[in-house]
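> Quick one: the structure is below, questions incoming.
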Amino acid sequence: MSTRDTVRKYILENYLFSDDQSALADDDSFLDKGIIDSTGILEVIYFLEDDFGITVEDDEMMPENLDSVNNIVSFIEKKQAQ
Amino acid sequence: MCGIAGIINLRHNTAINDAVLSDMASIMYHRGPDGTGIYNDKQVGLAHARLSIIDINGGNQPIHNEDNNVWVVFNGEIFNYIELRDKLKIQGHVFYTHSDTEVIVHLYEEYGDNFMKYLNGQFSIALWDKQKQKLLLIRDRVGITPLFYTQINGQLIFASEIKSILVALKQAPSLNKQALDQLMTFWSPVSPNTLFENIYEVPPGDFLTIENGSVKKKKFWDWEFAKPGEYLDKPESTLIEELHDLLIDATKIRLRSDVPVGAYLSGGLDSSVITALIHNYGDVDLRTFSIGFDDGALDESDYQNQMIKHLGADHSRIQCSYSDIAENFRATIWHTEAPILRTAPIPMNQLSKLVHDKGYKVVLTGEGADEVLGGYDIFKEGKIRQFWAKNPDSSFRPSLLKRLYPYLDLSKKQGVIYLKNFFGAELENPELSYFAHLPRWTTTAKCKQFFSEDMKVNLSDNAISELEKTFPARVSELDPFNKSQFIEAKSLMAGYLLCSQGDRMLMKNSVEGRFPFLDHRVIEFANSINPKFKMKVLNEKYLLKQSMRRYLPETIVDRFKQPYRAPDIPSFFTDKTPEYVKDLLSIETIKKYNYFHPARVEKLVNKIERGRAIGTKDNMAFIGILSTQVWHNLFIEGFQSNIKTNN
């Protein structure tokens, strides 16, 4: 499964509790759509660290890295290239 | 406390059967194991299940006046009954018992429908005036005791617990979908709704007058706060002493009893205050009870031990484990009669069982201090958000929220974007009465994403406006802090803390709770002062701390406030997951009951099993779904058989 598919599946299953692919666009903002709350952000970080083996630094906890499928995929790719 | 029940004919003179009244009382045996009594004059029938606390031998109910034309059944306690009785005797009334109940009939004779304002206590009363053919159903000011009713087939049926009404209805009830929607926003339905269609509560501070076939509802007391500019104009030192004196008297009159009285001791400020006042001013041996948790993050035993040593109390503690939560969950819902979103009531059941097993029937607790004197984090959150709303672009102002949520270590500028999304709701409308509560309600309402499509049909998605409609206009003129207190007292406290987590868990084991902080004199005093004395900047319960510092160790007064929490999700996912959990959460049962979406529930359970559910939202959704399934299983699907197994 591609990184994008893995991330999409995770967000759909764990926040929208759905298999409906149309429920989430890759550029949907998690914040604007109310998908992620104050502890949800921690869950996303655990997911990235456990499933992709990357470490999210404090100053990387920003919407530009974590607030949509597109942003997360870019962030993972950037981290894995380091 | 006791259980009351009854039936009144509204239209026809349908025969009221003694056996039905007896069954209505019997199903509330836990509320009153010491005896039952019935009055039936064919127009009205009254039933009483007694927990004897005052006038053990003479206080059997129903109780009547001198002429046998005013009758009463009553659940609760009138703490100022000694003073009332003395005055009524001077006024010429003749008493035939030494009970607190009897003052009710004579007060009614003396003051008519306004007699309730003379009562200091916790009470649900059914008073029948035989001459006027008038029934009054009265509930105490803040909702300490429960009282429900329904109208069907020309009769009004009432009881302390809904299951007693269901016994009289003899038909399966149905869910009030709107009430479940409200519960999954505010933790309780909007009063007077209950989870049961067409069954309502008498709201706290209200009374119903049933006369000539009509039912009229009227309020005799409500939470009234002074408006800005009209606060009690006294120096802080005077307010400290006034609160001090009020709390001593509120505690002392709550020690009136013909059976021994104990106290809960959680290790927090509020119960420590009450136990210290009993120790210093009560003419009783201090007997205290507490609960400890296997989960160290929830346990407060260290603080409990400090207070036990400080007061020299004779103390008993019970330990709560994960398996206790799962094993007692079903029985708890039988008593709450409503779904719950946290498991917190369950340890409270274990605690009252400990009290019962040690031979006690009465406990004083610190309930109400947070609402009355300003202790909750939601009040702090509201204050910080108000402060932030004055300068929405500030990055410093919202960073104060980290004091409440230390894990939100979003110190960089980008963190403000997250904080704004999590806590910045309606930042442009800080005058909203529910401004402080909006983030909590929004998070709770996420539970509703699990509703089935059928559940959503005809469901108006306006829980907040339904609640707001119940607020009197005067609320909009209050200081934001007092607005939040008003909402907290009317919704979470009355709708959940005093019932699901309070009365129901106490009475399940035939134990009466008494709450000095909810003495109406304490409430009225606190509501009249400037809110800055309740929370000084972000120092919660400031005036209470200043009043009571003299009796307590500094480590208790100045400790970091720890909200009472019980183990939730992990309790249900051990190697001993009970069969009922598996059955009720199976796709087949979810489909059959049809309140929730089977595939979504399955995904939530999968997430939990993978250890990925760490947030409040998932936790509340899971407990809410499971408890709703249990509720349906007990009350809708299997009510008749469950009467036998649970009672």
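> Mind putting a number on the dipole of the stretch B:1-146 about its Cα centre? Charges go on the C-beta only, +1 for Lys and Arg and -1 for Asp and Glu, and I need it in Debye to the nearest 20.
For the stretch B:1-146, the charge dipole is close to 400 debye.
> Also: Please name which of B:Val105, B:Ala313, B:Ala276 has its Cα lying farthest along the dipole of the protein assembly as shown towards the positive end, using unit charges on Cβ (Lys, Arg +1; Asp, Glu -1) and the Cα centre as origin.
Of the candidates, B:Val105 comes out farthest on the positive side.
> Residues with amide H under 5 Å of B:Val284's amide H, sequence separation 5 or more or different chain, H placed in the peptide plane at 1.01 Å from N; which?
Residues meeting the criterion, in which the H sits 1.01 Å from N, do not exist here.
> Now a separate question. Averaged across the residues of B:444-457, what count of C-beta atoms belonging to other chains lies within 10 Å of each residue's C-beta?
Across the residues of B:444-457, the mean count of other-chain Cβ atoms within 10 Å is 1.
> Oh, and also: List, in order, the whole-Hz ³J(HN,Hα) value for each residue of the stretch B:453-466 obtained from phi through the Karplus relation with A = 6.51, B = -1.76, C = 1.60 and θ = phi - 60°; use x for Gly and Pro.
Values per residue, Gly and Pro as x: 4, 5, 4, 6, 5, 6, 9, 7, 8, 9, 4, 5, 5, 5 Hz.
> Would you mind getting me the FRET efficiency between B:Asp393 and A:Thr55? Use the beta-carbon distance for r and R0 = 51 Å, nearest 0.05.
0.95
> When the dipole is taken about the Cα centre of the protein assembly as shown, and only Lys, Arg (+1) and Asp, Glu (-1) are charged at their Cβ, what size is it in debye, to the nearest 20?
The dipole of the protein assembly as shown has a size of about 800 debye.
> Farthest toward the dipole's positive end in chain B, which of B:Ser26, B:Leu246, B:Gly375, given Cβ charges of +1 (Lys, Arg) and -1 (Asp, Glu) about the Cα centre?
B:Gly375
> Once label points are set 7 Å from the Cα along Cα→Cβ at both B:Glu327 and A:Leu42, what is their separation, rounded to one decimal in nm?
Going from the B:Glu327 label point to the A:Leu42 one covers 3.0 nm.
> Still on this model: Please report B:Phe396, B:Phe329 as a ranked list, fewest other C-beta atoms within 10 angstrom at the top and most at the bottom.
Listed from fewest to most nearby Cβ atoms, that is B:Phe396, B:Phe329.
> Looking at the square roots a ≥ b ≥ c of the eigenvalues of the Cα gyration tensor of the stretch B:68-163, which shape do they give, rounded for a/c under 1.5, prolate if a/b is larger than b/c, or oblate?
Oblate is the answer for the stretch B:68-163, as a/c is 1.5 or above yet b/c matches or exceeds a/b.
> What's the local net charge at B:Asp314, with K and R +1, D and E -1, over the other residues with C-beta under 14 Å away?
+3
> Could you work out, residue by residue across A:58-66, how many beta carbons of other chains sit within 10 Å of that residue's beta carbon, and then give the average as an integer?
Mean shielding count: 4.
> Only counting other Cβ atoms within 10 Å, I'd like B:Met620, A:Met62, B:Met507 sorted with the fewest neighbours first.
Ascending number of Cβ neighbours within 10 Å: A:Met62, B:Met620, B:Met507.
> Name the residues whose placed amide hydrogens come within less than 5 Å of the amide hydrogen of B:Gly368, ignoring near sequence neighbours (fewer than 5 apart) on the same chain.
Correct list: empty.
> Normalised by the number of residues in chain B, what is the relative contact order in percent for Cα pairs under 8 Å and 6+ residues apart?
Across chain B, relative contact order equals 17 percent.
> Still on this structure, I have one more. Which one, B:Gly502, B:Ser399, B:Gln122, is farthest towards the positive end of the dipole of chain B when Lys and Arg carry +1 and Asp and Glu -1 on their Cβ?
The listed residue farthest towards the positive side: B:Ser399.
> For a paramagnetic label modelled at 7 Å from the Cα of B:Thr14 toward its Cβ, which residues of the stretch B:35-64 fall within the zone defined by backbone nitrogen distances under 18 Å?
Of the residues in the stretch B:35-64, B:40-47 have backbone N under 18 Å from the label point off B:Thr14.
> Turning to a different aspect of this structure: On full extension of the chain, what length is gained from B:Ser257 through B:Asp575, given 0.36 nm per residue of separation minus the C-alpha to C-alpha distance?
Gain in length upon complete extension: 109.9 nm.
> Can you bin the stretch B:125-192 into rounded, prolate or oblate? Criterion: square roots of the alpha carbon gyration tensor eigenvalues sorted a ≥ b ≥ c, rounded for a/c under 1.5, prolate for a/b above b/c, oblate for the rest.
oblate
> On to the next question. Straight-line reach only, C-alpha to C-alpha below 20 angstrom: list the aspartates and glutamates that B:Lys217 could link to, leaving out same-chain residues fewer than 8 apart.
Once the sequence-local aspartates and glutamates are set aside, what remains near B:Lys217 is B:Asp113, B:Asp129, B:Asp140, B:Glu161, B:Glu197, B:Glu201, B:Asp206, B:Glu466, B:Glu468.
> Then there is this: Cα centroids of the stretch B:545-594 and the stretch B:243-278: how far apart, whole angstrom?
Computed from Cα coordinates, the inter-centre distance equals 25 Å.
> Then there's this: All other residues with a Cβ under 13 Å from the Cβ of B:Asn391 taken together, and with Lys, Arg as +1 and Asp, Glu as -1, what is their net charge?
Value of the local net charge: +2.
> Determine the dipole magnitude for the stretch B:75-234: charges of +1 sit on the beta-carbon of Lys and Arg, -1 on that of Asp and Glu, nothing else is charged, the reference point is the Cα centre, and the result goes in debye to the nearest 20.
That gives a dipole near 340 debye.
> For B:Glu230 and A:Asp5, what is the calculated FRET efficiency with R₀ set at 60 Å and r taken between the beta-carbons, to the nearest 0.05?
For R0 = 60 Å, the calculated efficiency reads 0.45.
> So which of B:Lys89/B:Lys132; B:Lys89/B:Lys252; B:Lys117/B:Lys358 end up more than 32 Å apart by C-alpha?
B:Lys117/B:Lys358
> Normalising by the residue count of the stretch B:129-201, find the relative contact order in percent from Cα pairs under 8 Å and 6+ residues apart.
Relative contact order for the stretch B:129-201 comes out at 25 percent.
> Follow-up question, since we're still on this one. Please state the relative contact order of the stretch A:3-81 as a whole percent: Cα pairs under 8 Å, 6+ residues apart?
34
Every read-out reported here was derived from the displayed coordinates using simple, explicitly stated rules and does not represent laboratory data. In this text, all values refer to a predicted model and were calculated from it rather than measured experimentally. We place every Cβ from the backbone using ideal geometry, glycine too, and count neighbours over all the protein chains shown.
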